[in-house]
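Engineer: Pasting a structure below so you can have a look.
The values are calculated or read from the model by the stated rules, or taken from the named source; none is laboratory data. For clarity, every value in this text was computed on a predicted model and none was experimentally measured. For neighbour counting, all protein chains shown are included, and Cβ atoms are generated from backbone atoms with ideal geometry for every residue, glycine included. Heavy atoms of the whole protein, side chains included, go into the accessibility calculation; ligands, DNA and RNA do not. Shrake-Rupley method; radii C 1.70, N 1.55, O 1.52, S 1.80 Å.
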Amino acid sequence: MGVAVAVAAAFSVVGAVSWTTAGHVGRLASEEHRSVELREHYLRSDVQVGFLRGQAYEIAAATKDEARREADDELRETIVELERLQTIILRRTPAELLTDAQQFRTDTDALVHAVETLSASGVVGPASVNALQAIDAQFDDLNAELASLLTELQDRQEQAIADTARARRLAVVAVVVASLVGLGVVVVLLGFTVRSILRGLREVSNAAIALAEGDLAARVDDGRRDEIGQVGAAFNATADAMQEMVRRLAEQGRRDAFARDLIEALEMADTEERVYGVLARAMVTVSDDRPTELLLADSSRAHLERRVQHPNAGAAGCVVESPFACVAVRRGSATTFADSSALSACPNLRSSSAEPCSAVCVPVSFMGRSLGVLHTTAPVGTVLDSEGLSRLMSVAGAAGTRIGTVRAFDRTALQATTDTLTGLSNRRNFESFARSLQRQGTPFALVMADLDHFKLINDTHGHETGDRALVRFAHQLRHHLRADDLVARYGGEEFVILLQHTTAVQAMSILDDFRVKFAAATSSRPPVFTASFGVTDTSAAQTLAELLSQADAALYRAKATGRDTVVIADRPEEADGRERNIERAAEVGLYGAFGDEVDHEVNFDTV
């Protein structure tokens, strides 16, 4: 575009110079032409005056002397010839006019001579001769003037031709000079334009390289109005878009990094208390001075309890009582209140704050189930920025996910290690705990317990009554033993008990005491039933399987010797003979003893 403007400007300059030169030459030629026409006009006027005077003289002479008509006729023919000559003069060039004037002079001399001859012979009077002489004299003057004019015209013509040639030469020189000047201007403008384009392209290239190297502030001067300026404006717009995109990506990166660190920290928290500790530290990263608290529903889900608060700024002091009473929980999304005194502010926020404040409430949930709310406050006008709000929402989301996961894991673990009917540990959990004590070298007593005549309870009163009997026995046993003792349901109506740092003799004493108290506790709540116990300890065997076998053999002996008793297992060298005796005794008197036992017990109604 710049080159086209430069070329157009150069041709305009050349055209203007050429037009000015041609106009100057034209004006010179026009002036010379007007001068020649003026001189011809003067010449024609003088000749016409002379002709008219001669004609008037002849007319006057004819009126005075009729006798001279013949001479007058000849004179009129001469005048007619002169008029014809006048017409010719008016149509001829100056050179031809000079020739005709000389011929006219010759003819006039002949006419004067004829008149003089006629005058001498008396045909023409002296007045005619004088008139002719006067015309002759006047014609001489006219002829002299005509010659002078013709000479001047020739000089002017030659001067005009010379001026025209000079003007032509000047025009050619002017055109050449103008062309050279125009070409120079074009070259200069083209060079300037090329240099400007190269400078602009170099600036755009340098800015692009800087932008590629990470300088997001690199820009191009877009003040130019040519194509390079448009390219620069487009580059700046692209750079602005890239800078904004990088800013958003950096912000998102910070959010993702915070969320990733938070999730990793929460994944390492295997208990709910440790989760609370991580959330307290996370509150500080959201804001250093905004009171913040985590409210969670209790087991009944009817009340909200504060579980975590900001380590430095403390709790926000929300007075909401239940999850449903929280606006954010009902909405299921983060809710911001700019001013607690506003008409649309949360009523709990107005109640909990003496001074007007702003607040942000984010619901905490797990798999669509509400767990509580994350609540933070600040003075009115203190707005939590987008990054802070994003972090607060990340804390709420991660807290809900981890707390729900830990609780679900705890429930799953509890279900995996707990008997669903009695609430005691199951067989797998007992064996895992016992082996861990063995690895640690912790001594313990192991007890196998079994409800006496449990099948009869089920057959007589139904399995539901039998289940209630199991639950009652498990509850009483757990209540009677120490906190670090383990009671587990081993299977059916069998239970296993692990008493840490206890010998078999000590365990027997504990179990005898339990039997007495259990009988007193169940005497008023039928059905009344008893249990038998077999006891051993870690001094009698090295493995858990051996201990279980010894305890089971002792329990079998307790059953065979009358039930509702505690029997300590024999040492390995004593066990074989005694087990054979027990088996023979059981084969002889088991059913009779069982019948006696049934008759002795109280009627089974309900637990």
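Engineer: Which of the residues that make up segment 306-329 are open to solvent by 20 Å² or more (accessible area, probe 1.4 Å), modelled with pLDDT of 90 or more and either more than 24 Å from Asp385 (Cα to Cα) or assigned to a strand (DSSP E or B) (or both)?
Structural biologist: Selection gives Arg306, Arg307, Gln309.
Engineer: I'm trying to understand the selection: among the residues of segment 426-454, which are touching a residue at least 24 places away in the same chain (Cβ under 8 Å) and open to solvent by 70 Å² or more (accessible area, probe 1.4 Å)? Reasoning before the result, please.
Structural biologist: Start the filter on segment 426-454 by keeping residues that are touching a residue at least 24 places away in the same chain (Cβ under 8 Å), which leaves 426-427, 429-431, 433-435, 437-438, 442-454.
Answer for segment 426-454, where residues must be touching a residue at least 24 places away in the same chain (Cβ under 8 Å) and open to solvent by 70 Å² or more (accessible area, probe 1.4 Å): Arg427, Arg435.
Engineer: Identify, please: which residue in segment 333-369 is in contact with a Pro (Cβ under 8 Å, 6 or more places away or on another chain) and surrounded by 19 or more Cβ atoms within 10 Å (Cβ to Cβ) and is, among those, nearest to Ser287 (Cα to Cα)?
Structural biologist: It comes out as Ser358.
Engineer: Starting from residues that are in contact (Cβ under 8 Å) with a residue 60 or more places away in the chain and more than 15 Å from Gln476 (Cβ to Cβ), keep the ones in segment 504-525 and report whichever is surrounded by the fewest Cβ atoms within 10 Å (Cβ to Cβ).
Structural biologist: Val505
Engineer: Keeping to segment 245-283, report how many residues are of a type outside the set (Val, Ile, Thr), in a helix (DSSP H, G or I) and open to solvent by 70 Å² or more (accessible area, probe 1.4 Å).
Structural biologist: Applying the first criterion (of a type outside the set (Val, Ile, Thr)) to segment 245-283 yields 245, 247-262, 264-270, 272-274, 276-277, 279-283.
Retained after the next criterion (residues that are in a helix (DSSP H, G or I)): 245, 247-262, 264-267, 272-274, 276-277, 279-283.
With the extra rule that they be open to solvent by 70 Å² or more (accessible area, probe 1.4 Å), the set shrinks to 245, 247-249, 252, 254, 256, 260-261, 264, 267, 273-274, 281.
Result for segment 245-283: 14.
Engineer: Tell me the residue from Val186, Val220 that is not small (Gly, Ala, Ser) and not in a loop (DSSP other than H, G, I, E, B), please.
Structural biologist: Working: Val220 fails: not in a loop (DSSP other than H, G, I, E, B).
After ruling out the rest, the residue left standing is Val186.
Engineer: Quick check on segment 477-506: of everything there that is closer than 15 Å to Leu544 by Cα and of a type outside the set (A, V, I, L, M, F, W, C), which residue is farthest from the chain's Cα centre (by Cα)?
Structural biologist: Looking at residues that are closer than 15 Å to Leu544 by Cα and of a type outside the set (A, V, I, L, M, F, W, C), I get Gln500.
Engineer: So, one more: With the checklist (1) more than 22 Å from Gly400 (Cβ to Cβ); (2) modelled with pLDDT of 90 or more in hand, flag the one item Pro356 doesn't pass.
Structural biologist: Of the numbered conditions (1) more than 22 Å from Gly400 (Cβ to Cβ); (2) modelled with pLDDT of 90 or more, the odd one out for Pro356 is (2).
Engineer: Same structure, new question: Considering only residues that are part of a strand (DSSP E or B) and more than 19 Å from Phe514 (Cα to Cα), which ones fall in segment 418-474?
Structural biologist: The initial filter retains those residues of segment 418-474 that are part of a strand (DSSP E or B), namely 418, 425, 444-451.
Answer for segment 418-474, where residues must be part of a strand (DSSP E or B) and more than 19 Å from Phe514 (Cα to Cα): Thr418, Ser425.
Engineer: Would you be able to tell me the number of residues in segment 360-380 that are among the aliphatic types (A, V, I, L, M) and either out of contact with any helix residue (DSSP H, G or I) (no Cβ under 6 Å at 6 or more places or on another chain) or farther than 13 Å from Leu295 by Cβ (or both)?
Structural biologist: So the count comes out to 4.
Engineer: From the list Phe604, Phe594, which residue is in contact with a His (Cβ under 6 Å, 6 or more places away or on another chain), farther than 14 Å from Ala449 by Cβ, modelled with pLDDT under 90 and not aliphatic (A, V, I, L, M)? Show your work before the answer.
Structural biologist: On the way: Phe594 fails: in contact with a His (Cβ under 6 Å, 6 or more places away or on another chain).
It is Phe604.
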